[in-house]
Amino acid sequence: MGRLTALAGGVGAARFLDGFIRVTDPSSITVIVNIGDDDEIYGLYISPDIDTIIYTLAGIADDVRGWGIRGDTFNCLEMLSRYGVETWFRIGDRDAATHIFRTMLLRRGLKLQEVTDIIRRRLNIKVRVIPVTNDRVETMVLTDRGLMSFQDYFVKRGFQDEVRGIIYRGVDKAEPAEGVIEAIMNTDGVIICPSNPIVSIGTIISIKGVREALRETKAKIIGISPIIGGATVKGPADKMLKGLGLEPSAYSVAELYRDFLDIFVIDEVDVGLKDKIEKLGIKVYVTNTLMKSIEDRVRIAREVLNLIFNNINVK
Ligand code: GDP
Ligand code: CA
């Protein structure tokens, strides 16, 4: 089997990768992860998407809650709260250890990608996990209440505000991390995970050279729609698309990726969008894309692998 590269946000990507590592050789996979929602909270450097991916690959993620470590306790947070600190951003005790360790290494001068590599190796993860850039790029959300950081919009305000625009602050100066462009160019398949197309994949492909690499690579590029029947499974992607004047649908996502996507995997309930998406010059594969159980995740992973390696004729 060949090499594989995935572009990933948080939960949607983690669900897919959870199946993918069971049907492939994990050491052949490189995951390029969004860092646009990173923030400094309680003095610690938090990288939510990297943590969701790493905890899932390590088998310790809290899959039900969708963030943090399974069975974690919240003593540290309770104590912070006694000191009068606002604790809307929930961090468990074990989870905090990850942030302390990461912050410690960053302060010693290591790059985010070096720190991420140390963390994943210590958790016995065979998949290579790379933040898309070592530079700070902050996804800012312009809402009807003004401009706010992604965590303020998403966690503090519970994505209730109307979205008017997205700014990738710092993107002009950001360089792709070492290995990112190469992982897209020298691979057999690139998977665009079912992640938020604006603030997860959108941030990744706005980093210098990434979109160009996706257009130029000879590897087959397969996307999985994060939108099922006009809605997200989790999170604000549908609201964001609407706020940006786009119809929240698999079609809109296909349109955002049209310059590099070869095949788009959409849900059975969206079979009616197939012809329209194909008119964009993208092949469409229809299946059940909801990845609740491990069986679903493994099945979708197999289907994607077949699309990459067996030249399956997409009906
Ligand atoms: P976040 O950083 O945790 O918000 O995660 P992501 O950027 O990876 O993605 C959130 C997206 O994942 C949402 O648009 C969801 O609809 C999508 N998603 C989550 N679970 C599933 C699933 O089981 N199937 C599909 N197709 N999409 C999913
Ligand atoms: Ca995220």
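The values are calculated or read from the model by the stated rules, or taken from the named source; none is laboratory data. Bear in mind the structure is a predicted one, so any value in this text is a computation, not a measurement. Don't worry about glycine lacking a Cβ; one is built from the backbone with ideal geometry, like all the others, and counts go over all protein chains shown.
VAL233 fulfils the conditions (1) within 15 Å of the chain's Cα centre (by Cα); (2) surrounded by 23 or more Cβ atoms within 10 Å (Cβ to Cβ); (3) not hydroxyl-bearing (Ser, Thr, Tyr) except for a single criterion, (2).
Which of the residues belonging to the stretch 7-42 are part of a helix (DSSP H, G or I) and either touching a His at 6+ places or on another chain (Cβ under 9 Å) or without any contact (Cβ under 8 Å) to a residue 40 or more places away in the chain (or both)?
The answer is SER28, and nothing else.
Could you grab the pairs with beta carbons closer than 9 Å, sequence gap of 6+ or different chains, first residue in the stretch 59-82 and surrounded by fewer than 14 Cβ atoms within 10 Å (Cβ to Cβ), second one not in a loop (DSSP other than H, G, I, E, B)? These pairs meet every condition: GLY59/ASP18; GLY71/ARG94; THR73/ASP93; THR73/ARG94; ASN75/ASP93. Name the residue, out of ILE312, ILE277, that is modelled with pLDDT under 95 and away from ligand 1 (no atom under 14 Å from the Cβ). Just one listed residue meets the conditions, ILE312. Set side by side, the residues THR217, THR203, THR187 differ, and just one is touching a residue at least 24 places away in the same chain (Cβ under 8 Å), of a type in the set (Val, Ile, Thr) and closer than 28 Å to GLU86 by Cβ, which is THR203.
Applying a threshold of 6 Å to beta carbon distances and a minimum spacing of six or more residues, or different chains, the list of pairs starting in the stretch 233-255 at a residue that is closer than 19 Å to GLY158 by Cβ and ending at one that is part of a helix (DSSP H, G or I) and at pLDDT below 95 reads PRO248/ASP238; PRO248/LEU241; PRO248/LYS242.
If you scan the stretch 169-202, which residues turn out to be surrounded by fewer than 24 Cβ atoms within 10 Å (Cβ to Cβ), out of contact with any Gly (no Cβ under 7 Å at 6 or more places or on another chain) and not hydrophobic (A, V, I, L, M, F, W, C)? Across the stretch 169-202, the qualifying residues are ARG169, GLY170, ASP172, LYS173, GLU175, GLU178, GLY179, GLU182, ASN186, THR187, GLY189, GLY202.
Evaluating GLU78 against the criteria (1) within 16 Å of ligand 2 (Cβ to nearest atom); (2) out of contact with any strand residue (DSSP E or B) (no Cβ under 8 Å at 6 or more places or on another chain); (3) not assigned by TED's automatic domain parsing to the domain that holds THR289 leaves one unmet condition, (1).
Given the criteria away from ligand 1 (no atom under 12 Å from the Cβ), surrounded by fewer than 17 Cβ atoms within 10 Å (Cβ to Cβ) and within 20 Å of VAL33 (Cβ to Cβ), does ARG164 qualify? It would help to see each step written out before you state the result.
Numbers: away from ligand 1 (no atom under 12 Å from the Cβ): yes; surrounded by fewer than 17 Cβ atoms within 10 Å (Cβ to Cβ): yes; within 20 Å of VAL33 (Cβ to Cβ): no.
When the stated conditions are applied, ARG164 does not pass them.
Of all residues in the stretch 271-299, those being out of contact with any strand residue (DSSP E or B) (no Cβ under 7 Å at 6 or more places or on another chain) and in contact (Cβ under 8 Å) with a residue 40 or more places away in the chain number 6. Evaluate the following for ILE207: is it within 16 Å of ligand 2 (Cβ to nearest atom), within 24 Å of MET291 (Cβ to Cβ) and of a type in the set (A, V, I, L, M)? Judged against the criteria, ILE207 is not a match.
Which residue out of ILE166, ILE277 is of a type in the set (A, V, I, L, M, F, W, C) and farther than 22 Å from ASN306 by Cα?
Unique residue meeting the criteria: ILE166.
The residue list GLY281, GLY272 contains one member that is loosely packed, with under 15 Cβ neighbours inside 10 Å and either part of a helix (DSSP H, G or I) or assigned by TED's automatic domain parsing to the domain that holds VAL155 (or both), which is GLY272. Of all residues in the stretch 252-274, those satisfying the criterion of being over 23 Å from ILE167 (Cα atoms) and more than 12 Å from ligand 1 (Cβ to nearest atom) are LEU261, ASP262, ILE263, VAL271, GLY272, LEU273, LYS274. In the set VAL233, VAL253, only one residue is aliphatic (A, V, I, L, M), within 30 Å of TRP67 (Cα to Cα) and in contact with a Ser or Thr (Cβ under 8 Å, 6 or more places away or on another chain); that residue is VAL253.
Output the residue which, of all residues in the stretch 8-49 that are among the small types (Gly, Ala, Ser) and within 22 Å of ILE181 (Cβ to Cβ), is nearest to ligand 1 (Cβ to nearest atom). By that ranking, first place goes to GLY9.
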